[in-house]
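*Asks:* The following block contains the structure, expressed as structure tokens.
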Amino acid sequence: MKRIAFVSLLLIFALSFVTAQEAAKGTAQETAPEAAPFVLPANETSLSAGFVFGNTFVFDPDNDNSYFGSPGAAFDGYSFWNHKNVGIFYHGSFAFPVVGDGGSTPLHDIQWEGIFGPAFRIRFTDKVSLQTSIGIGTSGLLDFYKQDGNDYFRAIFNFGVGADAGLKFDIGDKFFIKGGANVMWSFLGGSVAHETSRNGDWSRDWNPKGYSTLAVNPYITFGLNIYSPKREIPRRPDRPHLGKNSFSALPQKGNISYPLLPQVGKPPRGEAAQ
């Protein structure tokens, strides 16, 4: 009887040890997602607005070349789909010349700019990325001035090509800060003028041959990330930054998942048949 009781105790101890080992494995599997790589949703749109300082250089064959600086507001948007690093973007700005072409009284009142085209993205970590783009653009100047006692309005329109580059830092899950610059070269355009005091006729004129402008505009903006499908797993503040290799196993379509972990759910049909 003593031997039977001793053997029974050994069996109970062995079963308890095996059960504890299985429970520990199950607990480790349940907590594994906490250490799994952070996965971004398939589609991402970032919208931002902030401060810009425009530096515009005017090359005019009929007059001396000139420069004017314009602080103002800028806004832009980048969109990427299906985990691709190629998408589309747009950029716009409104600025107010304060230094340059007219000394203490600049000749222009309002400057505006817009660029649209393909976008490109380089991801350094899950929080830091470089957004770049190139496209076609348009810019212009608006003037309200007096001449010979009469009031005039003039609008200058330019067309050309532009590019943008900005470093984006995500703050938490939804917001980000971005710093960069865009460049635009305008080589085609014209102007219209109107005498507002006497409701005079509109006059139109193309810019002279060889006329062009170059704008270099550094900016800093704050923005909002919009994801689709909506992120199911929020970004953890204590999770380490991930390098670009952490994104090599991203799923191409579907909802957010942890691709490096076994999927839980119904078995495939072949296994179910067995």
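The values are calculated or read from the model by the stated rules, or taken from the named source; none is laboratory data. These numbers come from a predicted model, not from an experiment. Cβ: placed from backbone, ideal geometry, glycine included. Neighbour counts: every protein chain shown. Side chains are part of the model used for accessible areas, which takes the heavy atoms of the whole protein and leaves out ligands, DNA and RNA. Shrake-Rupley method; radii C 1.70, N 1.55, O 1.52, S 1.80 Å.
*Asks:* What spacing in nm lies between the two simple spin-label points modelled at Leu130 and Lys174, each 7 Å away from Cα in the Cβ direction?
*Replies:* Output for this residue pair reads 3.1 nm.
*Asks:* Under a crude label model (7 Å from the Cα following the beta-carbon direction), how far is Val161 from Ala73 in nanometres?
*Replies:* Result for the modelled spin labels: 3.2 nm.
*Asks:* Measuring from label point to label point, each 7 Å out along Cα→Cβ, what is the Asp109 to Ile220 span in nm?
*Replies:* That separation, rounded to one decimal, is 3.1 nm.
*Asks:* Going by a ≥ b ≥ c, the root eigenvalues of the Cα gyration tensor, does the stretch 155-195 fall in the rounded group (a/c under 1.5), the prolate group (a/b larger than b/c) or the oblate group?
*Replies:* Note, shape of the stretch 155-195 comes out prolate.
*Asks:* Which order do peptides 213-219, 191-197 fall in by mean Cβ count within 10 Å, highest first?
*Replies:* 213-219, 191-197
*Asks:* Now for a separate question. Taking K and R as +1 and D and E as -1, what net charge do the other residues with C-beta under 9 Å from the C-beta of Phe89 add up to?
*Replies:* Local net charge: -2.
*Asks:* Okay, moving on. If DNA, RNA and ligands are ignored and the probe is 1.4 Å, what is the ranking of Phe222, Phe53 by accessible area, most exposed first?
*Replies:* Final ranking, largest accessible area leading: Phe222, Phe53.
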